[in-house]
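**Student:** What follows is a single structure, and I will ask about it in a moment.
The numbers here are math on the coordinates, done by the rules we state, and not lab data. Please read all numbers here as calculations on a predicted model, not as lab measurements. Glycine gets a Cβ as well: all are built from the backbone with ideal geometry, and neighbour counts include every protein chain shown.
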Amino acid sequence: MDFILNNLLTLIVFTPLVGSVLIMLLPRENKPLLRWAAFVFSLVPAALSILLWFVYQPDVGGFQFEVYAPWFPTINAGYHVGVDGISVAMILLTGILTPLAILISFSIEERVQAYMALFLLLEMGMMGVFVALDLIIFFVFWEFGLVPMYFLINQWGGADRHYASFKFFIYTMAGSVGMLLAIQAMGLTAGTFDLLGIAQVWPNLTVGLFGLPITTVKTIAFWAFFLAFAIKVPIWPFHTWLPDAHTEAPTAGSMILAGILLKLGAYGFLRIIQPLFPHEFQAFALPVAILALLAIVLGAYASLGQRDFKKLIAYSSVSHMGMVVLGLAVAARVLGADEATRLNGIIAANGAVLQMFNHGLYSAALFALVGVVYERTHTRNLDDYGGLWVALPVYGGMLIFSSMASLGLPGLNGFVSEFLVVRGAWPVFPAITFIGLLGLLLSAAYSLKAIQKVLHGPLNPHWTHLKEVTWREALAIAPLMLLMIAIGVWPRWLLDVINLTVTRMIG
Amino acid sequence: MLEQIPFISIIVFTPLVTAVLLMLLPPERKTAIRVISAIAAFITMALSICLFFAYNQAQGGYQFTERTDWIPQLGISYFVGVDGLNLPLVVLTGIVAFTGVLVSWGIEDRPREFFTFFFILVTGVFGVFVSLDMFLLFFFYELAVFPMYLLIGIWGWPVTREYAAMKLTLYLLVGSVFSLVGALAMYFSYTTPQGTHTFDMLELARAGFSPDFQRLWFLPTFLGFAVLAGLWPFHNWSPDGHVAAPTAVSMLHAGVLMKLGAYSALRVGVILLPEGAKTFLPFIVMLAVVNVVYGAFIAMIQRDFKYVIGFSSVSHMGLVSLGFATMNHYGWVGAGLQMFSHGIMTALFFAVVGMVYDRAHIRDIPQLGGMVRKMPWAAVAFIIGGLVSMGMPGFSGFVSELPIFIGAWRAGSIAAWYPVIAVVAALFGIPVTAAYIMRVVGRVFFGELPPQFAHIPGITVQDKIALAILVFFLIGLGVYPRIMADLIGVGVRPFLAALGGA
């Protein structure tokens, strides 16, 4: 037990890798064995992340479960990992979502071995980002996660998968080149890549680099990070890879993409931009908030216009992630203000982090549900459905439940986080918040449109013999629904942990 | 006890002895020839890896040195030794030679002569890396060029082999003549305390040439070798040569021979003439960045699978030159790592290209497709090589490119354009590399398998062993860069002191 607790983060990051290697050693033909093995292996990091959730002490400041080991002394980069309340929440989300996505992937028939191995590798990449406290290690995992996702889309995706995966890869890679250059410049100035070390040095730096004044250097570095994270979140207008990638990815790939990968971008804002560029972020908080507003409104509006069920959900992700960014912008804006204003920032940041978690739950559930109906009907065109509730009553219930969480019905999780963001943003950016509320109206409109097109109306005679949701699919989606209601009814269990960390960060 | 065994000579001359042994065998005993070649190459590889671990890092400096007078009247001696700079390259040569023999198993046309020339080439390459005597270095250098001509001219791609072999040989010979002139200038302008001249590079490094002398002779010496490193605009021979060469020779050629040029340019040019380096390297770095960016763009538009890899080598070798040009610890360690990493990576690429070509008999990218179904091992290996090439973390490319870029940032104190060059190389080099690698992977290995390839055989056991070895080193270095980075760091420190860097 001591061993597990002392190396908890390392185990969480690398047990998926071990699982991946073991899967490669299993016989290729035995598909059921491969599927169950992947599921069981993914339960190990899941159990460890739940354990982490319980052993993490929210009221203790700083990072916990820190481990440091020299890795690449030539450039002074080390394997430095540790967690605070925000990372613990994200690790919990990743740990829970991965086994559920693997359950959904049981319907994959082609090259199951490679699929499952890649899926576990993907989990390793994501976990690594959430625990990294060294910029190089952060970048290593950030970039590494791209590879399995690329292949999942490229090999197991829909008809336009090659275009979509290529776009996804090149967009993200182009974003991360700038980030890598900024990391190098910062590491050079601070003499270390350690996040905690840089956080001491970098924001207070007064001497310029290469003849450029320090404010210019910092601004360029800020925008380099911003661009990398903005592409990942994605913030309007850098979102155009997302509808393609989400739509073409296999169902479980979309679940992870929307559920976790987008959060990596928002997490980057919290872990790197907020502590290292507080003044720059504050200076640019208004433009960022405007971009967030555009994401909220235009994302929702685009979603309303879709005829493809999966694209509709994909655009809704743009809109919901805009909420997260709005919260982050508010938190950045209140730096150095009086206590009452800072409280608004804390509320908004709480909302942003909770929204990350919430969106992970309902977007994953919605993508899983799209996958369920697509597997049976082989169409995603909303006009082809109609009246499915008669044929699939359980499915209908799940879809309505998850859509309601997404549109922010009180009692479910989406309401809590959106309310917090709006409550925090209102005194800081009143006009933006007001227009942003229009986006929430639109989000009700597209959710209801989807429900109406899929479930209501006359039953299309093609679909009279559709199979109801299987126990496996239900098992994959039910935990998400349970969490949605748990957070909706009693958000404190999660918010307390987030709040203490966020308060230390901003207050 | 261990010091008494002439490890280096054994490594250098085992291939030569094997070459002689092979000539004594009857030519029709092809299996015996192949087995003997593989055993000899394996022994060399194992010994070079042993040497790597036997080197004492705490002590540093030259180790396992051997010295015998050869032509004492002219100050020429057989003087060899390893330090942190050349040891990784010795290991690289061992690995590429062994895997090269494995993937050449299927050569049916005069395998005895093929392997004989191959081993002479390997001896030449090993010799250059371990030479501490300038004359010996040139001796081995020319020894490596000569079998290369025959290997390409006889066993190469029939369409261009004569042209490419001739072009390559002429380029390299002309380059080496320039370097030789520089070397002779150094030889004649330094008189030892005993009143003679010497080719001993350790002594020449202490000679204290006047700064003007160093500036005068730096360019011919450095650029003459840089031709072999593929520095733009002298890279022209390299894609043609790579494409025309038979698989194992391309592997050795791009994997090791280009490093021979970079290494010699460093050992003879930069280290012996540091003042010249300080004057000219800040300008040569501009050529290096052209290599990186231009090579990547040209690779992107190739139709021939092998030319893509050929130009990718031009691009990646630019990073090596860029690293050296930074003249600081980061850049040099990065360049050292990049030489090793690129050597293994490009050997892997050419091995896979050869496997595809041997079976499909075409290299035209639009006509290929779906190869993953016929040779999954080769596809996975190629993808891993591709990830190395685009600098993906977790693989050796990342840990070698990163210090190079950091070095370039730091070199901002030498000349203001270094950081700009780092930014340009990264912004254009990395995404374009990703794009051309993904294009090739997508077109060659994925997609529909053309019907005419429905019955091509898979790759052999020897091929799989070769690929597994190469992949092992790419991942191993990427995950645990210290294993080599610390050693290179020890190796470059004394030379950087002479350049005034740290």
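**Student:** List A:R111, A:R504, B:R206 from most exposed to least, where exposure is judged by having the fewest other Cβ atoms within 10 Å.
**Tutor:** Ranking A:R111, A:R504, B:R206 by Cβ neighbours within 10 Å, fewest first, gives B:R206, A:R504, A:R111.
**Student:** A further question follows. Taking only Cα atoms, what is the 0 to 90° angle, nearest 10, from helix B:87-103's long axis to the longest principal axis of chain B?
**Tutor:** 20 degrees
**Student:** Another question, then. For the Cα atoms of chain B, what angle does the longest principal axis make with the long axis of helix B:376-389, in degrees from 0 to 90, nearest 10?
**Tutor:** Once rounded, one gets 30 degrees.
**Student:** Using the alpha-carbon centroid of each, what span in Å lies between region A:493-507 and region A:423-479?
**Tutor:** With region A:493-507 and region A:423-479 each reduced to a Cα centre, they are spaced 29 Å.
**Student:** Can you tell me, using C-alpha contacts under 8 Å and at least 6 residues apart, the relative contact order of chain A as a whole percent?
**Tutor:** 15 percent
**Student:** FRET efficiency for A:L205 and A:L286, Cβ-Cβ distance as r, R0 = 35 Å, nearest 0.05?
**Tutor:** 0.90
**Student:** Mind giving me the nanometre distance, one decimal, between the label points for B:V461 and A:L212, set 7 Å out from Cα along Cα→Cβ?
**Tutor:** In this crude label model, B:V461 to A:L212 measures out at 5.8 nm.
**Student:** Can you sort A:D84, A:D496 from fewest to most other Cβ atoms within 10 Å of each residue's own Cβ?
**Tutor:** A:D496, A:D84
**Student:** Sticking with this structure for a sec: State to the nearest 20 debye the size of the charge dipole of region B:59-192 about its Cα centre, where the only charges are +1 on K and R beta carbons and -1 on D and E beta carbons.
**Tutor:** In debye, rounded to 20, region B:59-192 gives about 180.
**Student:** Can you bin region B:2-499 into rounded, prolate or oblate? Criterion: square roots of the alpha carbon gyration tensor eigenvalues sorted a ≥ b ≥ c, rounded for a/c under 1.5, prolate for a/b above b/c, oblate for the rest.
**Tutor:** It comes out oblate by the Cα gyration axes.
**Student:** What is the list of residues in region B:238-253 whose amide nitrogen lies under 20 Å from a point 7 angstrom out from the Cα of B:I154, following Cα to Cβ?
**Tutor:** In region B:238-253, the label zone of B:I154 (backbone N under 20 Å from the point 7 Å along Cα→Cβ) covers B:241-253.
**Student:** Roughly how many debye, to the nearest 20, is the charge dipole of the protein assembly as shown about its Cα centre, given +1 on each Lys and Arg Cβ, -1 on each Asp and Glu Cβ, and no other charges?
**Tutor:** 1280 debye
**Student:** Here's another thing I want to ask about it. Output the peptides A:92-100, B:57-65 sorted from most to least packed, where packing is the average of other Cβ atoms within 10 Å over each peptide's residues.
**Tutor:** Going from most to least packed, we get A:92-100, B:57-65.
**Student:** Taking R0 as 35 Å, what's the FRET efficiency between B:T279 and A:H279 from their Cβ-Cβ distance, rounded to 0.05?
**Tutor:** After rounding, the FRET efficiency stands at 0.25.
**Student:** Placing unit charges on C-beta atoms (Lys and Arg positive, Asp and Glu negative, everything else neutral), compute the dipole magnitude of chain A about its Cα centre in debye, rounded to 20.
**Tutor:** About 660 debye.
**Student:** Further, regarding this structure: Choose one of B:V285, B:Q452, B:Y436: the residue whose Cα lies farthest towards the positive end of the charge dipole of chain B (beta-carbon charges +1 Lys, Arg; -1 Asp, Glu; about the Cα centre).
**Tutor:** With unit charges placed on the Cβ atoms, the residue in question is B:Q452.
**Student:** Whole angstrom only: what separates the Cα centroid of region A:266-320 from the Cα centroid of region B:273-302?
**Tutor:** 41 Å
**Student:** Answer with one residue from A:L242, A:L409, A:G424: the one whose Cα lies farthest towards the positive end of the charge dipole of the protein assembly as shown, charges on Cβ with Lys, Arg +1 and Asp, Glu -1.
**Tutor:** Working it through, the farthest residue towards the positive pole turns out to be A:L409.
**Student:** For region B:276-344, just say rounded, prolate or oblate: build the C-alpha gyration tensor, square-root its eigenvalues into a ≥ b ≥ c, call rounded for a/c under 1.5, and beyond that prolate if a/b exceeds b/c, oblate if not.
**Tutor:** Verdict is oblate for region B:276-344.
**Student:** Still on this model: Along the charge dipole of chain B, which of B:G84, B:S189, B:I271 sits closest to the positive end, that is, farthest toward it, with unit charges on the beta carbon of Lys, Arg, Asp and Glu (+1, +1, -1, -1)?
**Tutor:** B:G84
**Student:** Still on this structure, I have one more. Which of A:Y163, A:Y267 comes first, and how do the rest follow, when ranked by fewest Cβ neighbours within 10 Å?
**Tutor:** A:Y163, A:Y267
**Student:** Using alpha-carbon positions, what is the distance between the centroids of region A:18-89 and region A:135-155, in Å?
**Tutor:** Region A:18-89 and region A:135-155 have Cα centres separated by 16 Å.
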